[in-house]
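See below for the structure under consideration.
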Amino acid sequence: MTDLFAWGDAGWGDEILFGALTTIRLALVSLPVGLAIGLTVAALSMARSRVARAIATGYTTLMRGLPEILTLFIVYNGVGMLINVVSGWIAPDARPPELSPFIAGVAALAMVFGAFSAEVIRGAFTALDKGQTEAARAFGLRPVQILFLVQLPQVWRLALPGLGNLCINMLKDTALVSVIALDELMRATKVAIGVTKQPFTFYLIACLIYWGLSVASEVGLARMERRANRYVGKR
């Protein structure tokens, strides 16, 4: 069994490590993109415009109602077809560019994360004490100053537990990207199983890696929550 995980040509250790690093990179890139989508959709959902609120509601309803793997297939195949059509118009004789599985995975994961995080962020905004906003206006703060100095720090504290759960779920959802041939941890595990015919061994090591990444994420999120709440209850 030791030879199976030896580094280099003798085993599968380097492939599994590369897959784990790709999984981490996929999650780290998807997270800020998804947060940006979530903030945008949350802002639309609280806007005065009915059209903006309808767009936000439609987006969150659609994305939360679709299975993540179906969203991934739609993004990868749909955007790929769109690229082929557009490139055919621009340069009919040229070979159309291919959509990167990594980019497709980031887009799909970020879109799903953005839909769920938008509801968490919106809930945090509605939980804010309205009196603080009114007091900030009384002190002469502009709306942008109120947003960044008064509201967002408290929204971050209130939304962090929910966003943390979504981050861990997204980390596990990266395994779905293996279906579009991205060499992340789950795909590397499947390739190793196909060659060695030892599913229990490699699925076990994959479980341990995912578990380790989840524990590390939980530790980091716990520290962030403690820091965000360090002044709560103190006078």
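The values are calculated or read from the model by the stated rules, or taken from the named source; none is laboratory data. Note that the coordinates shown come from a computational prediction; the quantities given were computed from them, not determined experimentally. All Cβ positions, even for glycine, are placed from backbone atoms using ideal geometry, and neighbour counts span all protein chains on display. Quick note on the areas: whole protein, heavy atoms, side chains included, nothing else; ligands and nucleic acids left out. Shrake-Rupley method; radii C 1.70, N 1.55, O 1.52, S 1.80 Å.
List of remarks:
- Residue in region 28-46 that is in a loop (DSSP other than H, G, I, E, B) and in contact (Cβ under 8 Å) with a residue 24 or more places away in the chain present: yes
- Selected residue (only one of I37, I74, I90 is open to solvent by less than 80 Å² (accessible area, probe 1.4 Å) and out of contact with any strand residue (DSSP E or B) (no Cβ under 7 Å at 6 or more places or on another chain)): I37
- Test result for L128, closer than 20 Å to T40 by Cβ and assigned to a loop (DSSP other than H, G, I, E, B): yes
- F113 modelled with pLDDT under 95, under 26 Å from the mean Cα position of the chain (by Cα) and under 24 Å from L221 (Cβ atoms): no
- Exactly one residue among I90, I168, I146 is over 29 Å from D14 (Cβ atoms) and in contact with a Ser or Thr (Cβ under 8 Å, 6 or more places away or on another chain), and that residue is I146.
- Checked against (1) modelled with pLDDT under 90; (2) closer than 25 Å to E68 by Cα; (3) open to solvent by 70 Å² or more (accessible area, probe 1.4 Å); (4) in a helix (DSSP H, G or I), I83 passes all but condition (3).
- Residue among G131, G162 that alone is small (G, A, S) and farther than 30 Å from L213 by Cβ: G131
- Selection count, region 45-61, where residues are at pLDDT below 95, open to solvent by 60 Å² or more (accessible area, probe 1.4 Å) and of a type in the set (A, V, I, L, M, F, W, C): 1
- The numbered conditions (1) within 30 Å of L176 (Cα to Cα); (2) in a helix (DSSP H, G or I); (3) open to solvent by 70 Å² or more (accessible area, probe 1.4 Å) are all true for E119 except (3).
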